[in-house]
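Notes for the one structure printed next.
Coordinate-derived values only; no laboratory data. Just so it is clear, the structure is predicted and the values come from calculations on it, not from any experiment.
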Amino acid sequence: MCFTNIRYRIQLAVNVQIPYDYGGVGGKAIYIDTEGSFMVERALQIAEACSADMAEYSRLHHKGPQACEVKTMQPKDFLENIFYFRVCSYTEQIALTNYLDKFITEHKDVDTYIRISIKFHFHVLQIYKLHLKMFLQVKVVIIDSITFHFRQDFDDMALRTRILSGMALNLMKLARKFGLAVVVLNQVTTKYADGQFHLALALGDSWSHSSTNRIILHWNGNERYAYIDKSPSLRSASAPYSVTPKGIRPSDSNNKRIKHV
């Protein structure tokens with residue numbers, strides 16, 4: 001899946017941690033930063049907003065003894081659950097991609113395993129042969145961006161294509177093996193065709209076909225839109241949204257682009 005915009009990536013790293021009791025998946029995030037654009041201050045803002053939303057949801061929907069049993073998360077908890085990797089070259093990026101399988105396997109969610117075992121009884125787990133991926137903490141891998149080092153450091157395009165294809169294959173295997181989402185950020189460039197310039201995804205056509213789902217974030221007039229450009233299960237569609245200090249929110253007329261004269 002491909003995205004742009006830094007707040008989107010941080011929002012994903014925070015939202016994946018929302019507990020089961022709040023309708024989330026209760027996971028953790030791996031954030032691979034190739035550009036040095038990750039900002040702790042911005043992540044804290046989004047975490048604070050998410051924590052406040054959870055508190056409001058709990059107040060409205062969880063009452064009586066049930067309210068005491070619901071897990072709450074503080075902003076610092078969200079930050080602690082983001083595994084951050086700073087990658088400074090394409091060789092580091094390749095090495096880290098190869099290391100992810102081992103890293104994810106070593107970070108199992110023991111608390112979830114115990115809770116499900118107690119709730120459903122261990123013999124039920126054996127009967128249904130639940131897969132290990134249910135008890136793994138990491139639920140999303142975010143690469144910000146896949147493009148940066150491969151546009152800067154490569155002259156041999158054939159070699160670049162082979163390396164990227166191998167990396168894409170490894171990431172697909174991770175997604176299938178652990179039942180997690182892999183979100184990769186791709187940059188946009190211009191391509192000259194038919195006598196005029198067009199916007200095109202960086203790294204060429206071969207990489208553009210590597211993602212299963214592709215979402216493009218763009219301006220339409222004065223409003224931001226997210227557009228489903230490619231998906232095997234969803235039809236093409238778009239929706240407006242706003243970028244606020246609290247993160248990504250439904251479209252708000254107060255957050256439209258201002259034209260400067």
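When Rg and the Kirkwood Rh are both derived from Cα coordinates, the Rg/Rh ratio for segment 1-53 amounts to 0.97. Cα centroid distance between segment 77-108 and segment 6-54, in Å? Cα centres, segment 77-108 to segment 6-54: 16 Å.
The slack between residue 53 and residue 39, meaning 0.36 nm per residue of separation minus the straight C-alpha distance, is 2.9 nm. Of the three principal axes defined by the Cα atoms of segment 177-243, the extents in descending order read 45, 31, 22 Å.
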